[in-house]
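The values are calculated or read from the model by the stated rules, or taken from the named source; none is laboratory data. Here the structure is a predicted model, which means the values were calculated and not measured. Because the Cβ atoms are built from the backbone with ideal geometry, glycine has one as well, and the counts that use them run over all protein chains shown.
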Amino acid sequence: MKITAIRGFRDILPEESASWQVLTSQARASFAAYGFHEIILPVLEKTELFARAIGETTDIVEKEMYTFIDRDDSSLTLRPEGTASVIRAYIEHSLHQKEPVSKLFYIGPMFRRERPQKGRYRQFHQIGAEILGRDDALIDAELLLMLNDFFTALRLDVSVDVNSLGCSNCRPQYRERLRAFGESKFAVLCENCHGRLHRNPLRILDCKEEGCRQATKDAPVIADFLCDPCRQHFAQVQALLRQENVLITVNPRLVRGLDYYCRTSFEFIALGLGSQNAVCGGGRYDGLVEQMGGPAIPGIGFAIGVERLAMLLQAQERIVATAPDLFIAPMGEVAESQAFAVARRLRQGGYRIESESGSRSLKAQMRRADKLGVRYVLIIGENELQAGKGTIRDMQTKTDRSLAVDLSSSAQDLMNAIRDTSDQPSAISRQSEGAEHSSKPEV
Ligand code: HAM
């Protein structure tokens, strides 16, 4: 029987991985401009790390983690997100003693046993970033600006929802009020929300069931419960973003699915992705480092879903696979080994070279070069070889010219000569591409 990939685990084929390259290089460039450095973390951690950081009663910890008992009886989990690991590493390596503010980013796979659907997988990838050591509104706005720069550079149209989830002073009152409100609607809420009412009533605002959405339409909003410092903090974040012309929508229903958040929370939403349309989520988590056994250091961060963003980029058909700089078409066995040497020399010089076996017809090789979108083809035929020459075909102008292939010249000189279009179309006639089995060009 054929062995296939596990449900929810995908292969990223070259046509898709091209957009991943674009995303990750842009992220690296945008994040570097704001002073971030990469942290590379293990994918496997002790289970208790996630239970403590994300919250015992969240969907992720209750139902979605890939947890197993290792041979030494310890319970291990494939990471469902990156923030918990960053905090663990931050505390473990006492990074706060090295720098008052740490700005870290990570790129890698995460694992959640969710129900797979378009844009939702069991292994997916995140580009995440965390800032530890600052709790002012300026840094929250700066993080959102960085994301805005990233999405703008990719020319992706996204909307930004923000909310403040208050702090340990003001949120308990809101939570109780929301619980009382939920109890009054108990009969119309779904079974999941019945459970949420006891564990974390804020999550009833997040429910996708239409009945629950209707029932909570007039639910109390957290903005009316924020304490003065939280209110001021949120107002300043919004003012700074407005000052920089970043369009945001305050969404009082934005509560996020992980327990560690406080104050500024946000999500970036993209049109055209169906129901899994959140391409980035994040927020502030001021108590988390301390809760995980470290010093009382505030934090804020986000994670971008790579698969969802790649889908957006592909839908816009803006990713063009990079064509090789040159295609080398050898004609026959002897020419093949010459082509082999030229290809190596040019590749060592940093050029992207594609070549073929000398036993394939010129026509077939040209077809392949055309498909690759390559501009220049170097045809090495056996007759020319003796004179140390090749034929350059410019696929754009459809002209041929003769070129001395001197292996003692540098890769750059060779490539410059190949690209030199100042030559007149040579006296050499156009190659006949008709003969499927011809082993040399008709020069
Ligand atoms: P999250 O909202 O759970 O936050 O995930 C962030 C992003 O990861 C989502 O907006 C989505 O694009 C993507 N994502 C999540 N689950 C899946 C899935 N099953 N399939 C495909 N994409 C998915 C976090 O993970 C937090 N650690 C973010 C954070 C960092 N908060 C503070 N710092």
**Prompt:** Can you name every residue in the range 55-83 that is in contact (Cβ under 8 Å) with a residue 60 or more places away in the chain and either buried (at least 20 other Cβ atoms within 10 Å of the Cβ) or within 13 Å of the ligand (Cβ to nearest atom) (or both)?
**Reply:** Gly55, Thr58, Asp59, Ile60, Glu81, Gly82, Thr83
**Prompt:** Are any residues in the range 303-339 out of contact with any Ser or Thr (no Cβ under 6 Å at 6 or more places or on another chain) and within 16 Å of the ligand (Cβ to nearest atom), and if so, which ones?
**Reply:** Ala303, Ile304, Gly305, Val306, Glu307, Arg308, Leu309, Met311, Leu312, Ala315
**Asked** Is it the case that the range 404-420 has a residue that's surrounded by 17 or more Cβ atoms within 10 Å (Cβ to Cβ) and over 42 Å from the mean Cα position of the chain (by Cα)?
**Response** yes
**Prompt:** Can you find even one residue in the range 78-88 that is assigned to a loop (DSSP other than H, G, I, E, B), of a type in the set (Gly, Ala, Ser) and within 26 Å of the chain's Cα centre (by Cα)?
**Reply:** yes
**Item:** Answer residue from the range 151-191, given it is among the polar types (S, T, N, Q) and surrounded by 18 or more Cβ atoms within 10 Å (Cβ to Cβ) and is farthest from the chain's Cα centre (by Cα) among those
**Value:** Ser164
**Request:** For Gln21, state whether it is within 17 Å of the chain's Cα centre (by Cα), within 17 Å of Pro109 (Cα to Cα) and away from the ligand (no atom under 13 Å from the Cβ).
**Result:** yes
**Prompt:** If you go through the range 1-54 one residue at a time, how many are surrounded by 16 or more Cβ atoms within 10 Å (Cβ to Cβ) and in a strand (DSSP E or B)?
**Reply:** 1
**Message:** Looking for something in contact with a Lys or Arg (Cβ under 6 Å, 6 or more places away or on another chain), assigned by TED's automatic domain parsing to the domain that holds Glu56 and of a type in the set (A, V, I, L, M, F, W, C) - is there at least one such residue anywhere in the range 260-270?
**Reply:** yes
**Request:** Could you list all residues from the range 290-302 that are part of a helix (DSSP H, G or I) and within 12 Å of the ligand (Cβ to nearest atom)?
**Result:** none
**Asked** Any idea which residue in the range 126-140 is surrounded by the most Cβ atoms within 10 Å (Cβ to Cβ), counting only those that are part of a helix (DSSP H, G or I) and away from the ligand (no atom under 16 Å from the Cβ)?
**Response** Ala137
**Output for the range 289-302, where each listed residue is surrounded by fewer than 20 Cβ atoms within 10 Å (Cβ to Cβ) and touching a residue at least 12 places away in the same chain (Cβ under 8 Å)** = Gln291, Met292, Gly293, Gly294, Pro295
**Request:** Looking only at the range 277-288, decide whether some residue is away from the ligand (no atom under 16 Å from the Cβ), in a loop (DSSP other than H, G, I, E, B) and under 27 Å from the mean Cα position of the chain (by Cα).
**Result:** no
**Request:** Please find, among Gln238, Gln214, the residue that is without any contact (Cβ under 8 Å) to a residue 60 or more places away in the chain and not charged (D, E, K, R).
**Result:** Gln214
**Message:** Against the condition farther than 26 Å from Gln291 by Cβ, within 16 Å of the ligand (Cβ to nearest atom) and either in the same structural domain as Arg284 (by TED's automatic domain parsing) or modelled with pLDDT of 90 or more (or both), how does Asn251 come out, does it pass?
**Reply:** yes
**Request:** Count, please, the residues in the range 362-386 that happen to be surrounded by fewer than 18 Cβ atoms within 10 Å (Cβ to Cβ) and not charged (D, E, K, R).
**Result:** 5
**Message:** Would you confirm, using the coordinates I've provided, whether Phe150 is of a type in the set (Phe, Trp, Tyr) and near the ligand (Cβ under 9 Å from one of its atoms)?
**Reply:** no
**Message:** For the range 307-332, which positions are in contact with a Pro (Cβ under 9 Å, 6 or more places away or on another chain) and surrounded by 14 or more Cβ atoms within 10 Å (Cβ to Cβ)?
**Reply:** Ala329, Met331
